[in-house]
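S.K.: Have a look at the structure that comes next, please.
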Amino acid sequence: MRRLFRDVEGGPLCPQGSVVCIGAFDGLHLGHQALVRAASARARAAGLATVALSFEPLPREFFAAAAPPPRLTLPRAKVEGLRALGAEVVGLLRFDARLAAMTAEDFVERVLVGRLGAREVWVGPEFRFGKGRAGDLALLQALGARLGFRAEAIAPVALDGERVSATRVRAALAAGAFEQVARLLGRPYAIGGRVVLGNRLGRTLGYPTANLRFDGRTPPLAGIFAARVHGVGAQPWPAVASFGTRPTVGGGEHLLEAHLFDFDGDLYGRRIEVEFVARLRDELKFESLPALVAQMHQDAALARRLLGLEPQRAHA
């Protein structure tokens, strides 16, 4: 059974019962993975469905809509990651004013019991839920005793003596510490999506790019990067990538642009992932296109070296 649902209202989704884990799951770091795997193992042992329950937008995005915090994982990648960890049913509840006003008790009765038939509920450290964040593990356990489910929190997952968290991942990304990010995530950090049509300026400047949008969300990093692109060939394709708003050419929306070295082909419409390897510099506004192109040559040469490629012949 593989199912995705968005709504609080509706009929039962797991009539035979379920084990539910709840979280933002932004980034799917080691702590999130431990939570989903724990719930999945319990569900398998009991012959129940595994449910991973999250929200879109994330509550912190909803409450800070004017200046939303950086987002690590887009919804599609989150769903795919949760399924890969063993979730058979994934809930991305629409977090709006109605859901924000729902009491913790109503959430438990209507969603966890009514829709999901929860027999066990697993949460992370410091979990809070419901209107005004009034609900916590103790309330879950009290309601569970009355409504017929068990509630537990997993132990914190630590790395280098400190709890793994999305906050740590964001800080490491902002610092360009990609090896640390990979340790926190258990995998290299990458952003995936479908290649969209850009303004083709890169092609005229000698650097055609595969462009990915970030769905209007605030990205957790910006600048110029050495990268590897997955989904193009049998092996990750070396690239230099820019993630930002393109100030020199009057851009506004956050756009991830990847120039694949020595690649000749059409990627429009293809789903790819851009893996970040090393941060080269900040995004800058240049006084002219020739100045921008000169810097692009330097960026490409540095990215090639960092990725172990042979230097390219000088541009004519």
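S.K.: How do the pairs read when you match residues in region 184-207 that are modelled with pLDDT of 90 or more with residues anywhere that are among the β-branched types (Val, Ile, Thr), using Cβ under 7 Å and keeping only pairs 6 or more apart or on different chains?
M.R.: Leu184/Val164; Leu184/Val169; Leu185/Val169; Tyr189/Val181; Ala190/Val274; Ile191/Val274; Gly192/Ile272; Val195/Ile272
S.K.: Say we look at region 265-316 and pick out the residues that are charged (D, E, K, R) and part of a loop (DSSP other than H, G, I, E, B); which of these is nearest to Gly192 (Cα to Cα)?
M.R.: Filtering first and then ranking leaves Arg270.
S.K.: So, in region 92-118, of the ones that are assigned to a strand (DSSP E or B) and in contact with a helix residue (DSSP H, G or I) (Cβ under 7 Å, 6 or more places away or on another chain), which residue ends up farthest from Asp7 (Cα to Cα)?
M.R.: Filtering first and then ranking leaves Ala118.
S.K.: Another question, if that's okay. Take Arg3 and decide whether it is over 23 Å from Val169 (Cα atoms) and surrounded by fewer than 16 Cβ atoms within 10 Å (Cβ to Cβ).
M.R.: yes
Let's see how each residue does on (1) assigned to a loop (DSSP other than H, G, I, E, B); (2) touching a helix residue (DSSP H, G or I) at 6+ places or on another chain (Cβ under 7 Å):
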residue: Asp7; (1), (2): yes, no
residue: Gly10; (1), (2): yes, yes
residue: Gln16; (1), (2): yes, no
residue: Val20; (1), (2): no, yes
residue: Asp26; (1), (2): yes, yes
residue: Gln33; (1), (2): no, no
residue: Ala39; (1), (2): no, no
residue: Ala43; (1), (2): no, no
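S.K.: Going through region 188-214 one residue at a time, which ones are surrounded by 15 or more Cβ atoms within 10 Å (Cβ to Cβ) and either in a loop (DSSP other than H, G, I, E, B) or touching a Cys at 6+ places or on another chain (Cβ under 7 Å) (or both)?
M.R.: Answer for region 188-214, where residues must be surrounded by 15 or more Cβ atoms within 10 Å (Cβ to Cβ) and either in a loop (DSSP other than H, G, I, E, B) or touching a Cys at 6+ places or on another chain (Cβ under 7 Å) (or both): Pro188, Tyr189, Val195, Gly198, Leu205, Tyr207, Pro208, Thr209, Phe214.
S.K.: Restricting attention to region 159-176, which residues are out of contact with any strand residue (DSSP E or B) (no Cβ under 9 Å at 6 or more places or on another chain) and part of a loop (DSSP other than H, G, I, E, B)?
M.R.: Hits for region 159-176 are Asp160, Gly161, Ser165.
The values are calculated or read from the model by the stated rules, or taken from the named source; none is laboratory data. Keep in mind that this is a model prediction, so the values were computed, not measured. FYI the Cβ positions are ideal-geometry reconstructions off the backbone, even for glycines, and counts take in every protein chain you see.
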